[in-house]
Structure formats: C-alpha cells, structure tokens
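Worksheet: one structure, shown below.
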Amino acid sequence: MECFTFQRRASTIPPMDTSYLISVIVTTYNRPDALALVLKHLSDQTDLHYEIIIADDGSGPETAAVIHAAAQAAPHLRVHHAWQPDAGFRVAQARNQGIAAARGDYLIFLDGDCIPQRDFIARHRALAETGYLVTGSRILLGPKLTAAFTAQQTSLNTLSKPFWIWQRLCGRMNKVLPLFLKLSDFRLRIQRTFQWRGIKGCNLAAWTKDVQAIQGFNDNFTGWGHEDADFVLRLQQTGLHRKKGFLATEVLHLWHPQSARDHVQINYEQVMQQWQHPE
C-alpha cells in the first residue's frame with residue numbers, strides 16, 4: 001500500500017506555466033509506419049499548447065502522405081513539414097530546418113521512431129527552467145513489439161500494466177518502471193558540467209533563445225553520431241546547466257537496425273575539439 005501511495009503522488013504534475021508555446025521537432029527519414037505511430041501519440045497529449053514540426057531528412061511521398069493525414073486528423077494542432085533533399089545522413093541540418101520553422105518559445109527534439117507517452121510534453125514543460133536544457137530518456141523496444149505496434153498502429157495508452165510487465169519479463173523491452181513511476185523536478189537531476197553519458201538526440205529540450213544563441217546544431221556533422229553531444233556541449237559552454245529527464249520524460253524507442261557508423265570517429269573528434277577548444 002505504501003508503494004502504491006508513493007506512485008500516485010509522484011505521478012502528479014505540479015502547477016506550471018502553460019502560457020508559452022512548445023514546438024516538438026520530430027526528425028524522420030523514410031520510416032512512415034513508425035512516424036504515423038509517433039504522430040498518433042503526439043496528437044493525444046495532456047498538454048494542449050504545442051505544435052509539431054517534422055524535420056524530414058529527404059523522405060519520399062509515403063512520409064508526406066502520413067504527415068498530411070496526421071494534420072487532417074488533428075486540426076487543433078499546427079503540423080508543419082520541413083523537408084530537405086536526400087543527400088545522405090544529415091540529421092543536424094534537418095533539425096535546423098525544423099528550428100527555423102518552429103514558432104514556439106521552447107523546443108523539444110524527438111525522433112520519428114520514439115513514441116511519446118500522453119504526459120510527454122507536460123513532463124518536459126514541468127522540467128523547463130530558465131538557464132537549463134533537458135536531456136530526456138528512453139525505453140528500448142525489441143523487434144517483436146516494434147513489428148506488432150507499427151503493423152497494428154496500436155495506441156500504447158490503452159495497454160495495461162500487466163501487459164507491459166509481461167513484455168519486460170519476456171525480454172521485449174529493456175525497462176518498465178518509467179511507465180509507472182514519474183518523479184517531478186529535484187536536485188539530483190542537475191548536471192552542471194558536461195557529461196557525455198545519457199545524451200540522446202531522440203529526446204532533448206531547450207529554450208528557443210538558447211538554441212538560437214548557438215545557431216542550432218552544427219551542420220558539419222554528417223553521418224550517424226554525436227551531433228547531439230556537440231549540441232549539448234555548446235549549450236553548456238554558454239553557461240547553461242543540464243537536467244536529466246529520467247523517470248519523467250521517457251519515450252518508447254522502436255527497434256531498428258543499427259545505422260552505419262562510418263562517420264562516427266570524425267564526428268567524435270569534432271566534439272572533442274569543441275570540448276577542448278571552445279570557440
């Protein structure tokens with residue numbers, strides 16, 4: 001009974017400022033089934049003051065059709081498609097296209113294969129604070145769950161606690177506690193110095209003015225890897241501190257094959273150069 005009582009208290013989101021607009025920038029590339037599921041869950045949020053910007057790294061017409069359908073199904077939302085030609089993996093540039101199209105005072109970066117819970121935006125808003133950026137967290141789903149959810153376009157909000165516990169016991173996801181336990185803001189979330197661990201470009205948030213001050217993501221990053229670490233590093237080098245969004249902001253990351261790592265060392269070296277010799 002004590003554990004149950006604690007969980008109920010922890011899941012309550014404290015009063016917060018809902019006057020400012022949040023822009024959710026969703027990065028995608030030719031994975032329309034996953035994007036459709038993400039947009040379905042984004043349109044069903046408890047926090048209603050937001051817009052959706054799709055930062056598209058050169059997807060084909062199937063993705064455009066998914067975005068159009070999502071916009072038609074959610075007339076209460078602004079859904080904007082920011083597309084760039086397909087010239088290889090250019091996620092940093094795609095996100096910058098999304099930033100340019102965003103109207104919000106606060107930006108949440110989300111990948112098009114990461115399903116948000118219903119309180120995802122509300123939880124990010126609760127952690128938003130002047131002088132801070134937020135690095136969110138994720139739950140990894142395995143191939144079987146991913147295939148079932150994308151094929152059936154399942155609403156994860158309707159699935160029961162026993163269902164999720166069983167999936168965890170079967171090894172189809174890497175953790176389950178963040179689905180049931182939500183914690184508000186507290187001191188242990190704060191990371192005042194740069195720490196590489198835990199930075200995930202699939203779930204990041206920062207104030208628009210702070211992002212504009214560093215001119216967004218570094219377009220020199222191409223191929224998979226570390227453009228998100230560079231982004232966080234440069235924000236922290238302006239004097240911002242970082243909050244970790246564990247047990248609050250978790251998204252459910254759909255499985256996919258590992259991306260090519262042919263640029264990872266070059267990208268790593270760019271981050272190290274910025275770390276050791278900030279501009």
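How about the range 137-159: which of its residues are open to solvent by less than 40 Å² (accessible area, probe 1.4 Å) and either free of Cβ contacts under 8 Å to residues at least 24 places away in the same chain or β-branched (Val, Ile, Thr) (or both)? Outline the logic, then answer.
Filtering the range 137-159 down to residues open to solvent by less than 40 Å² (accessible area, probe 1.4 Å) leaves 137, 139, 141-142, 145-146, 148-150, 154-156.
Across the range 137-159, the qualifying residues are 139, 146, 148, 150, 154.
Can you tell which of 192, 118 is touching a strand residue (DSSP E or B) at 6+ places or on another chain (Cβ under 6 Å) and touching a residue at least 24 places away in the same chain (Cβ under 8 Å)?
Numbers: 118 fails: touching a strand residue (DSSP E or B) at 6+ places or on another chain (Cβ under 6 Å).
Of the residues listed, the single one that is touching a strand residue (DSSP E or B) at 6+ places or on another chain (Cβ under 6 Å) and touching a residue at least 24 places away in the same chain (Cβ under 8 Å) is 192.
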Which residues, counting only those in the range 215-235, are open to solvent by 20 Å² or more (accessible area, probe 1.4 Å) and either more than 13 Å from residue 200 (Cβ to Cβ) or more than 16 Å from the chain's Cα centre (by Cα) (or both)?
215, 218, 219, 220, 222, 224, 234
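Within the range 241-259, track down each residue that is surrounded by fewer than 20 Cβ atoms within 10 Å (Cβ to Cβ) and either modelled with pLDDT of 95 or more or assigned to a helix (DSSP H, G or I) (or both).
Going residue by residue through the range 241-259, those that are surrounded by fewer than 20 Cβ atoms within 10 Å (Cβ to Cβ) are 241, 246-247, 255-259.
Hits for the range 241-259 are 241, 246, 247, 255.
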Looking at (1) modelled with pLDDT under 95; (2) under 17 Å from the mean Cα position of the chain (by Cα), find the lone condition where residue 89 falls short.
(2)
Here is a list: 22, 52. Which entry is under 15 Å from the mean Cα position of the chain (by Cα) and in contact (Cβ under 8 Å) with a residue 40 or more places away in the chain?
22
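Within the range 100-116, restricting attention to residues that are surrounded by fewer than 21 Cβ atoms within 10 Å (Cβ to Cβ) and out of contact with any Asp or Glu (no Cβ under 7 Å at 6 or more places or on another chain), which residue is farthest from residue 53 (Cα to Cα)? Let's see the steps before the verdict.
Taking the range 100-116 and keeping what is surrounded by fewer than 21 Cβ atoms within 10 Å (Cβ to Cβ), we get 100-101, 103-105.
Adding the requirement that they be out of contact with any Asp or Glu (no Cβ under 7 Å at 6 or more places or on another chain) leaves 100-101, 105.
Working: 100: 10, 101: 7, 105: 14 Å.
Filtering first and then ranking leaves 105.
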Residue 264 passes all but one of the listed conditions (1) among the β-branched types (Val, Ile, Thr); (2) within 25 Å of residue 89 (Cα to Cα); (3) at pLDDT 95 or above; the exception is number (3)
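Among the residues of the range 260-276, write down those that are under 21 Å from residue 192 (Cβ atoms) and surrounded by fewer than 18 Cβ atoms within 10 Å (Cβ to Cβ). Explain how you work it out, then say what you get.
The first filter runs over the range 260-276 and keeps only residues under 21 Å from residue 192 (Cβ atoms), leaving 271-272, 274-276.
The answer is 272, 274, 275, 276.
The values are calculated or read from the model by the stated rules, or taken from the named source; none is laboratory data. Every value quoted in this text rests on a predicted model; they were computed, and no experiment measured them. In this analysis, Cβ positions are derived from the backbone assuming ideal geometry, glycine residues included, and neighbour counts consider all displayed protein chains. Each accessible area value is taken on the protein alone, full model and side chains, heavy atoms only, with ligands, DNA and RNA left out. Shrake-Rupley method; radii C 1.70, N 1.55, O 1.52, S 1.80 Å.
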